[in-house]
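Colleague: Structure in structure tokens, see below.
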Amino acid sequence: CIGIQAFFVKVATQYTGPAEIAFLRFLFSFLIIQVAITGGWIEVRVVNWRMVLARGVLGGIGNLLYFYAIEATRLSNAIILLYTYPIFASLYTQMMYRQGLGVSTVVAFLTSFAGISLIVDPTFQDIQRGDLLALLSGAMVGGAIFSLRESRRTDSAWTIFHYFNIMG
């Protein structure tokens, strides 16, 4: 579904800007959640404000950067570079819990980025703006995933998703 969404974003950027597309994506999701809240089907109550808001802000920025990347680079590059987020989430987790990076973790990171570079095929003489935006998107979404994991200890998925849409 993420790939299908990316395709439609790519097509839509021919008619409007990425910020407008992201706004409509978040607005539509927000309205659906509002209907569910108003109907009494779900409850939204924040316990861990810091992590819920971090997830919303980082996820919103990551999503916006991703939509800009889709407009500015090949769709395949944007998707591959967005999917660096597990690497960043793992790195953030290690940093936040002050765990050292073991040899196997460093090898996994280097291997991942080597594989990504083979697919994306960057030319370091001319860095593509869209590729850079997509990589930054992966870094932001990695932070969002870290904060999502932390906030899920205290907050419901509906609460986290609701504030993700508000922040986005």
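The values are calculated or read from the model by the stated rules, or taken from the named source; none is laboratory data. Small disclaimer: the values here were computed from a predicted structure and weren't measured. What goes into the accessible areas is simple: the full protein's heavy atoms, side chains included, and nothing from ligands, DNA or RNA. Shrake-Rupley method; radii C 1.70, N 1.55, O 1.52, S 1.80 Å.
Colleague: Can you tell me the length gained on complete extension of the stretch GLU43 to THR16, counting 0.36 nm per residue apart and subtracting the Cα distance?
Modeller: Length gained, GLU43 through THR16: 6.3 nm.
Colleague: Report the semi-axes of the equivalent ellipsoid for the range 36-148 in whole Å, largest first, where each axis is √(5λ) for an eigenvalue λ of the Cα gyration tensor.
Modeller: 29, 21, 10
Colleague: Just to be sure I understand the rule: take each whole DSSP H helix in the chain, project its Cα atoms onto its long axis, keep it if the span is 20 Å or more and its mean Kyte-Doolittle hydropathy is at least -1.0. Which ones pass?
Modeller: Helices passing the filter in the chain: 18-38, 49-72, 103-120, 129-151.
Colleague: Here's a follow-up. Accessible area per residue of the chain at 1.4 Å probe, in Å²?
Modeller: 58
Colleague: Given the options ILE33, ILE70, ILE61, which has the most mean-square fluctuation in a GNM of the chain, springs set between C-alpha atoms less than 10 angstrom apart?
Modeller: Looking only at ILE33, ILE70, ILE61, the largest GNM fluctuation is found for ILE33.
Colleague: Give me the base-10 log of I(q)/I(0) for the range 1-101 at each q in 0.10, 0.19, 0.21, 0.23 Å⁻¹, Debye formula, one uniform scatterer per Cα, rounded to two decimals.
Modeller: Log10 of I(q)/I(0), two decimals: -0.39, -1.06, -1.13, -1.19.
Colleague: Under 37 °C and 0.692 mPa s, how fast does the range 84-143 diffuse according to Stokes-Einstein, given a Kirkwood radius computed over C-alpha pairs? Answer in µm²/s, whole number.
Modeller: Using the Kirkwood radius from Cα pairs, D works out to 263 µm²/s.
Colleague: Right, another one. Springs between alpha-carbon pairs under 10 angstrom, Gaussian network model over the chain: which of LEU58, LEU24, LEU110 fluctuates most?
Modeller: Per the Cα network of the chain with a 10 Å cutoff, LEU110 tops the list.
Colleague: Fully extended, how many nm does the chain gain between PHE113 and ARG129 (0.36 nm per residue separation, minus their Cα-Cα distance)?
Modeller: 4.0 nm is the gain from fully extending PHE113 to ARG129.
Colleague: On to the next question. Under 10 Å, Cα contacts only: if you run a Gaussian network model on the chain, which one of ILE79, ILE21, ILE37 comes out with the highest mean-square fluctuation?
Modeller: ILE37
Colleague: What's the carbon and sulfur percent of the chain's accessible surface, probe 1.4 angstrom, rounded to a whole number?
Modeller: After summing per-atom areas, the C and S share lands at 68 percent.
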